[in-house]
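Heads up, the thing below is written out as structure tokens.
Each value in this text was obtained by applying a stated rule to the coordinates, not by laboratory testing. Since the structure is predicted, the reported quantities are computational estimates derived from the model, not experimental observations. Virtual Cβ from ideal backbone geometry, glycine too; neighbours counted across all protein chains shown.
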Amino acid sequence: MASSMLHGAQNPVLRTRIAPPKKEALISPKSSVSVSRPVSQPRLIQHKEEAFWFYRFLSIVYDHIINPCHWTDDMRDEALEPADLSDRNLVVVDVGGGTGFTTLGIVKFVDAKNVTILDQSPHQLNKAKEKEPLKECRIMQGDAEDLPFETDYADRYVSAGSIEYWPDPQRGIKEAYRVLKLGGKACLIGPVHPTFWLSRFFADVWMLFPKEEEYIEWFEKAGFTDVKLKRIGPKWYRGVRRHGLIMGCSVTGVKPASGDSPLQLGPKAEDISKPVNPFMFLVRFLVGAIAATYYVLVPIYMWFKDQIIPKGQPI
Ligand SMILES: C[S@@+](CC[C@H](N)C(=O)[O-])C[C@H]1O[C@@H](n2cnc3c(N)ncnc32)[C@H](O)[C@@H]1O
């Protein structure tokens, strides 16, 4: 269905703006968009139970390892800029808010008492609770694919670095649409798919690294209008995207009508309380950990290249 939608004069993606960080440009996708990923596909921690256990341990070092390598303060501020946090009284939900790193960027512009941090990991949320600027935020455990907010609740929906774990990303984006008020804006920050073969291999076994066109398709199918994609990345990559990026783009869309999304989906496929096979869980978890290690090494490798290769030259 997706590919037939994307060919021909009415192609919705071709009408959509994809903006690089500095100067804006219209980019046409080279290939058609894949349909949403089936749950059966073996992306190791694109799975709620596995993501839960991954963060049981990663939460201990998350702020010290993930942020300096993949998600720096300046990237966060650049990624949040299209969210248009223009009023301190806006009601904001930060979905998959984890240790509150992105929320720290949000509360610079919005009163903390109006911000809710939601995450499925109590271990990540415990770290957010310790942060002084987030003391007045509401902190909730919950699932991005089934948000505990009423329809037409928030002015802004923000989610950074969480979509890669959602078994059904389209469902999460449909939920973003539902919980926003009329005219509200969603800002979803997430990975981008690599093109270099080894990076692509590790990305594909590990978790969801969507293509830019996929984000746009998910947003448009959910009912969002004015869908835009802004490219982001660590400064020391000098714009290189071939290894993919864990935080590679900020996608925004506006809710044009009140009420639920026009998109109809079947029942939710996966729940954190669903039992998993312990052997398969261990195998998947270990392979996931190896892929995660690769993606800790890539930014270090790029950092060394940036140090060695003269400025102004491609790396
Ligand atoms: C990479 S962290 C990002 C945390 C934070 N947004 C930041 O910017 O640092 C991803 C977070 O998504 C959460 N997560 C994964 N799947 C989720 C789901 N289905 N519902 C809610 N949170 C989820 C994880 O527990 C984790 O805290």
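Couplings 3J(HN,Hα) for segment 77-92, derived from phi with the Karplus relation 6.51 cos²θ - 1.76 cosθ + 1.60 (θ = phi - 60°), are 5, 5, 6, 7, 4, x, 6, 6, 7, 9, 8, 5, 8, 4, 8, 10 Hz, where x marks Gly and Pro.
Computed packing ranks the peptides 250-258, 144-152, 158-166 as 158-166, 250-258, 144-152, most packed first, by mean other Cβ atoms within 10 Å.
Taking amide H atoms as placed 1.01 Å from N in the peptide plane, the amide H of residue 72 has no partner under 5 Å among residues 5 or more positions away or on other chains.
Please compute the contact order of segment 131-224 in relative form: average sequence separation of alpha-carbon pairs under 8 Å and at least six residues apart, divided by the residue count, as a percent.
29
Which FRET efficiency, nearest 0.05, do residue 150 and residue 289 yield, Cβ-Cβ r, R0 41 Å? That gives a FRET efficiency of 0.60.
Quick one: of the DSSP bridges fully inside segment 45-162, what percent are antiparallel, nearest 5? Bridges in segment 45-162 that DSSP calls antiparallel: roughly 10 percent. State the percent of C-alpha pairs, over all pairs in segment 115-181, separated by a distance greater than 20 angstrom. Beyond 20 Å sits 28 percent of the P(r) for segment 115-181. The protection proxy used here, the mean number of other Cβ atoms lying within 10 Å of each residue, ranks peptides 94-100, 134-140, 84-90 as follows, highest first: 94-100, 134-140, 84-90. For segment 151-157, 3J(HN,Hα) computed residue by residue from phi via the Karplus equation (6.51, -1.76, 1.60; θ = phi - 60°) reads 4, 6, 8, 10, 8, 9, 10 Hz, glycine and proline entered as x. Rounded to the nearest 0.05, the FRET efficiency derived from the C-beta distance between residue 263 and residue 129 at R0 = 35 Å is 0.55. For the listed peptides 287-298, 225-236, a ranking on the average number of other beta carbons within 10 Å per residue, highest first, reads 225-236, 287-298. Length gained on full extension, residue 74 to residue 113: 11.6 nm, using 0.36 nm per residue less the C-alpha separation.
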